[in-house]
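Here's the structure we're looking at; comments come further down.
No lab work stands behind these numbers, since they all come straight from the coordinates. Note that this is a predicted model, so its numbers are computed, not measured. Cβ sites come from the backbone with ideal geometry, for glycine too, and all protein chains shown count toward neighbours.
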Amino acid sequence: MSSRPTAATSTVDHAPTAARPAFVWTALVLVYVLWGSTYLGIRVAVESLPPLASAAMRFAAAAGVLALVLRLRRGPGALRVDLRQLRSAALVGVLLLAGGNGLVVLAESGPAGVALPSGIAALLVATVPLLVVLLRTLGGDRPRLWTFAGVALGFVGLVLLVLPTGGPGSVPMVGALTVVVGATCWSVGSYLSGRIRMPADPFVATVYEMVAGAAALTVLATVRGELRDFSPAQVTGRSWAALLYLMVAGSLVAFTAYVWLLHHAPISLVATYAYVNPVVAVGLGALFAAEPVTTQVLLGGAVIVAGVAVVVSTERPRRSVDRAPRQAVRR
């Protein structure tokens, strides 16, 4: 789920430092396009790669590269954390990457008519900020009335999107429910990451999250029998290219751009990715994978994005960014 932190889930105590507008907008475009494109990348990767195994490879490789960069730039102690921080990062990584991203990958795999279109997956993942608001409420927080209005609006859009119509463009219910469960896992992981003792450095936390997520995905892939008859020779060039794109563009470049934005741009601007990414994903799915964009998709998607926009806009004045980077490694 190249899902991600939102203004509704994050807290910070430092103001962004000034940066050239051109740099800010370049980073924003990277986050908009690269994270929005990861849903299509997943669909292409699972055409001939085992779904959970491919996700495990993606995050293991990205973790290795990020760990190497940190080691070279900061020295031998760059990745040092205590046991409690390690356990916390591992828990969040399993929830975000094995539960959240893994279920999105599963939903997008399978034969035509059963696999969930990448654009629909992105719209369903866009409900994460809404789910986090509900978790905050259960935890004793009291979000604003307009925040609840945005949540209600977003869930109306969710119902409109997955409502069975019987037509050729109807949303596969099993795939949709799988992504909703994945979005719930992602939301729980995002919520916990701000309330348990995590590594102080978000890049270090991300390394351990990706390692834990990759390990859990490998176990699940083995249990599902994905590796039993797998042969690299059966994988197409386009699937390998898509996997490489997910590793580099989704897990490294876009993540780095996002973390940079958190320190150089207002959170109200950074948070706009939450409702731009789904639009990008739907457009790319229609252009490059011939995914149908029906009236139901347009209506349900528009209502979901509107709900997320209301939540982000009403939350941002009193909440800032702190642990958000740790939630940004999914797509």
Legend entry - Structure-based [θ]222 nm, the chain - -39500 (n - 2.57) summed over DSSP H runs of at least 4, per residue, nearest 500: -19500 deg cm²/dmol
Legend entry - Area projected by the alpha carbon convex hull of the chain, averaged over all directions, nm²: 16.5 nm²
Legend entry - More than 23 Å apart - percent of Cα-Cα pairs taken over the stretch 58-156: 52 percent
Inset, instruction - Would you work out which of Leu49, Leu79, Leu66 lies farthest towards the positive end of the dipole of the stretch 34-87, given +1 charges on the beta-carbon of Lys and Arg and -1 on that of Asp and Glu, about the Cα centre? - result: Leu79
Legend entry - Values of log10 I(q)/I(0), in the order q = 0.13 Å⁻¹, for the stretch 171-322 under a Debye, Cα-only, solvent-free model: -0.90
Inset, instruction - Counting other beta carbons within 10 Å of each Cβ, put Ser109, Ser48 in order, fewest first. - result: Ser48, Ser109
Legend entry - Gaussian network model of the chain, Cα within-10 Å springs - most flexible of Phe59, Phe148, Phe230: Phe230
Inset, instruction - Please identify, among Val104, Val276, Val92, the residue showing maximal mean-square fluctuation in a Gaussian network model of the chain using a 10 angstrom Cα cutoff. - result: Val276
Legend entry - Highest-MSF residue in the chain out of Thr206, Thr218, Thr165 [GNM, Cα springs under 10 Å]: Thr165
Inset, instruction - Determine ³J(HN,Hα), in whole Hz, for all residues of the stretch 243-254 in sequence, where each value follows from phi through the Karplus function 6.51 cos²θ - 1.76 cosθ + 1.60 and θ = phi - 60°; x replaces Gly and Pro. - result: 5, 4, 4, 4, 4, 7, 6, x, 8, 10, 5, 5
Inset, instruction - Please name whichever of Thr206, Ser37, Leu217 sits farthest to the positive end of the charge dipole of the chain, dipole taken about the Cα centre and charges placed at Cβ: Lys and Arg +1, Asp and Glu -1. - result: Thr206
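Among Thr236, Thr272, what is the fewest-to-most ranking by other Cβ atoms within 10 Å? All intermediate terms of the calculation are to be shown ahead of the outcome.
On the way: Thr236 13, Thr272 17.
Lowest count first: Thr236, Thr272.
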Legend entry - Cα gyration tensor, the stretch 90-213 - rounded (a/c under 1.5), prolate or oblate: oblate
Inset, instruction - Could you please rank Glu291, Glu108, Glu209, Glu226, placing first whichever residue has the fewest other Cβ atoms within 10 Å of its Cβ? - result: Glu226, Glu291, Glu108, Glu209
